[in-house]
Amino acid sequence: MLLDHDRLGLPLRLSLGAIGTLVVAFLLAPIVFITLLSFGSSPWLIFPPPGWTLQWYREMWADPGWLQAMWHSTRVALVVTALSVSLGFITALALVRGTFPGRALLRGFFITPMVLPVVVLAVALYALCLKVGLTGTFVGFVIGHLVIALPFSIITLCNALEGYDFALEEAALICGATPWQVKWRVTLPALRLSLFAAGVFSFLVSWDEVVVSIFMATPGMETLPVRIWSALRQDLSPVIAAVSTVLIGITLLFMLIAALFKKDDDHGH
Amino acid sequence: MPTDTMTATLALPAAAAPPRRRSGLAWLTPSLALLALFFVLPVLSLLLRSITEPEFGLQHYAELVGSWTYVKVLYNTLLVASVVTVVTVVLGFPVAWLMAIMPSRWSRFLMGCLLLSMWTNLLVRTYAWMVLLQRTGFINQTLMKWGVIDEPLALVNNLTGVTIGMTYIMLPFLVLPLHATIKALDPAILRAAATCGASRWQAFWLVLWPLALPGVASGALMVFVMSLGYFVTPALLGGASHMMLAELIAQLVQSLLNWGLAGAASLVLLVITLGLYALQLKLFPAKGGQHAA
């Protein structure tokens, strides 16, 4: 009765529906409003805006700081993604298929960077990077983001490898495939969806990372979130709304690609 | 034959695979080295500084416990985390329930909204709430236009602002796992309750709620722990008089260069966080700590 939508009874159905609608509005409101306001002409972000304009986007393009920060973010995120997926893959492989003692414990250990409050990691890494001169460098950003992104890769790929039927590989070997062929033509294609998911997670984790980056950044090298952070501490300029809309667009694009991949996979099986 | 398949994937000749006890450990070296150098080492040395800087002793811990300012920060941290957890559960439970029983088209739509908000950049979400909640923001303007209020309400730089912003961030972390818990329940149990004469009210409190409680408790604990260590959203929506532990640590390092005290505050935050996670793993061994996948 309570787990059957059609037999909830009208009052319960209406109240659950009302809360559901409210929460959907709550979830979508910030995203929708910022997108609309980025095209609005009010510099004080009044809604509804008195008119529509592309002025804030023009200001964003005209400011080399924003573009440079985007470029830094993208470069860091791409390198972090590549490292996180490849390191995560061999780590997950060893954790799921290795035959050494203490695997469960090690698996827990690899998750800890995700569990720990980021601010502690950020301050600790900042101290280390100050000492060895890595603050404000590309390498410093990559290391900081990689430590945070790696657990996402490891969890995703461990789960995938646990659900993967290793008998497939044995079958391929029996049918005369060489170990390399097995790896390239059986294992990797079977896991491609999870590898892709691990990549998307890693990219977004790095691209969105704020706390470590705030400490790591110098005026010469800052990522996009750091620049938004510093801008936000001064005022709520509509240029930030334009930048935000670009970021929301990128998130939507990623979700769309992920959905397409999933659909493709559903058809494939 | 785990050893055979292992060597096959590691691209060694399958035939040349003697049964080895510790195969695979070497493949952990790069990631272990990364975490040892850039995670374990820096965190431990930060914590060590709390008792060695400027001189050896527990003076920083005495300061944390003895100073009213720092006790208030700890109190604020626990207060914000508790309020956010309660609001998230109150909003999240009906949504998770609804999502588990709605026609799949609608539940997919809800899921899409949750994922979109979850994957939108954290600063973008916080900025959006700063804009919506400010004195001239949409919410105040609308309420004034409708005549509900005469003066704009103070919605940011206080507990209200932090609660709204943090609840927005935490909601998916509660709803997604709880939705799975409720979805896994067998509707026949509730039909049985109805057949045995239970009213809707009784069926909820005596059957559905107890069955969903492990999911609620584990989700709530996770939201609480994550809220404790949050930095960005409280710093932007909370204001100076509502400083939380994470902001204190950042400020001690960035503006006051007091590494010793920052180390001590970090240890306090770590002990609370890891203690609660340990509790979570003990209470809910199956799912604890794997929420990201």
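At a glance:
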| item | result |
| --- | --- |
| One residue from B:Ile249, B:Ile189 being closer than 22 Å to B:Val84 by Cβ and of a type in the set (Val, Ile, Thr) | B:Ile249 |
| Candidate set from the stretch A:124-141 (those that are out of contact with any strand residue (DSSP E or B) (no Cβ under 9 Å at 6 or more places or on another chain), under 18 Å from A:Thr223 (Cβ atoms) and surrounded by 21 or more Cβ atoms within 10 Å (Cβ to Cβ)); member that is farthest from the other protein chains (Cβ to nearest Cβ) | A:Cys129 |
| Residue check for B:Leu257: more than 10 Å from chain A (Cβ to nearest Cβ), open to solvent by 10 Å² or more (accessible area, probe 1.4 Å) and not in a helix (DSSP H, G or I) | yes |
| Some residue of the stretch A:82-95 being in the same structural domain as A:Ser202 (by the TED database) and touching a Lys or Arg at 6+ places or on another chain (Cβ under 6 Å) | yes |
| Residue in the stretch A:217-233 that is in contact with a helix residue (DSSP H, G or I) (Cβ under 7 Å, 6 or more places away or on another chain), surrounded by 18 or more Cβ atoms within 10 Å (Cβ to Cβ), more than 11 Å from chain B (Cβ to nearest Cβ) and among the hydrophobic types (A, V, I, L, M, F, W, C) present | yes |
| Evaluation of A:Leu173 against (1) in contact with a helix residue (DSSP H, G or I) (Cβ under 7 Å, 6 or more places away or on another chain); (2) within 26 Å of B:Val40 (Cβ to Cβ) (one fails), failing number | (2) |
| Positions within the stretch A:30-48 being open to solvent by less than 20 Å² (accessible area, probe 1.4 Å), on the phi < 0 side of the Ramachandran plot and not in a helix (DSSP H, G or I), in sequence order | A:Gly40, A:Ser42 |
| Unmet requirement for A:Thr81, which otherwise passes all of (1) open to solvent by 20 Å² or more (accessible area, probe 1.4 Å); (2) in a loop (DSSP other than H, G, I, E, B) | (2) |
| Conditions (1) within 7 Å of another protein chain (Cβ to nearest Cβ); (2) within 18 Å of B:Ser31 (Cα to Cα); (3) touching a residue at least 24 places away in the same chain (Cβ under 8 Å); (4) surrounded by fewer than 22 Cβ atoms within 10 Å (Cβ to Cβ); number of the one not met by A:Phe166 | (2) |
| Number of the condition not met by A:Leu27 [criteria: (1) in a helix (DSSP H, G or I); (2) surrounded by fewer than 16 Cβ atoms within 10 Å (Cβ to Cβ)] | (2) |
| Residue satisfying condition, being outside any helix (DSSP H, G or I), in contact with a helix residue (DSSP H, G or I) (Cβ under 8 Å, 6 or more places away or on another chain) and surrounded by 14 or more Cβ atoms within 10 Å (Cβ to Cβ), within set B:Leu185, B:Leu190, B:Leu176 | B:Leu185 |
| B:Leu237, sole failed condition from (1) in contact with a helix residue (DSSP H, G or I) (Cβ under 6 Å, 6 or more places away or on another chain); (2) more than 11 Å from chain A (Cβ to nearest Cβ) | (2) |
| Pairs, first more than 7 Å from chain B (Cβ to nearest Cβ) in the stretch A:102-122, second modelled with pLDDT under 90 and part of a helix (DSSP H, G or I), C-beta under 7 Å, six or more apart | none |
| Test for A:Val76: is it modelled with pLDDT of 95 or more, crowded, with 21+ Cβ neighbours inside 10 Å, in a helix (DSSP H, G or I) and more than 9 Å from chain B (Cβ to nearest Cβ) | yes |
| Residue list for the stretch B:129-160, restricted to those being touching a Phe, Trp or Tyr at 6+ places or on another chain (Cβ under 6 Å) and open to solvent by less than 50 Å² (accessible area, probe 1.4 Å) | B:Leu132 |
| Residue count for the stretch A:7-24, restricted to those that are open to solvent by 40 Å² or more (accessible area, probe 1.4 Å) and either within 29 Å of A:Pro50 (Cβ to Cβ) or aliphatic (A, V, I, L, M) (or both) | 6 |
| Candidates A:Leu193, A:Leu157, filtered to the one that is of a type in the set (A, V, I, L, M, F, W, C) and open to solvent by less than 40 Å² (accessible area, probe 1.4 Å) | A:Leu157 |
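Rundown of residues vs (1) at pLDDT below 90; (2) over 24 Å from A:Ala198 (Cβ atoms); (3) of a type in the set (Lys, Arg), yes/no style:
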| site | (1), (2), (3) |
| --- | --- |
| A:Val118 | no, no, no |
| A:Ala122 | no, no, no |
| A:Thr135 | no, yes, no |
| A:Phe138 | no, no, no |
| A:Leu146 | no, no, no |
| A:Pro151 | no, no, no |
| A:Ile154 | no, no, no |
| A:Leu168 | yes, no, no |
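The values are calculated or read from the model by the stated rules, or taken from the named source; none is laboratory data. Here the structure is a predicted model, which means the values were calculated and not measured. Note: ideal-geometry Cβ built from the backbone for every residue, glycine included; neighbour counts use all protein chains shown. Note: areas computed on protein heavy atoms with side chains; ligands, DNA, RNA excluded. Shrake-Rupley method; radii C 1.70, N 1.55, O 1.52, S 1.80 Å.
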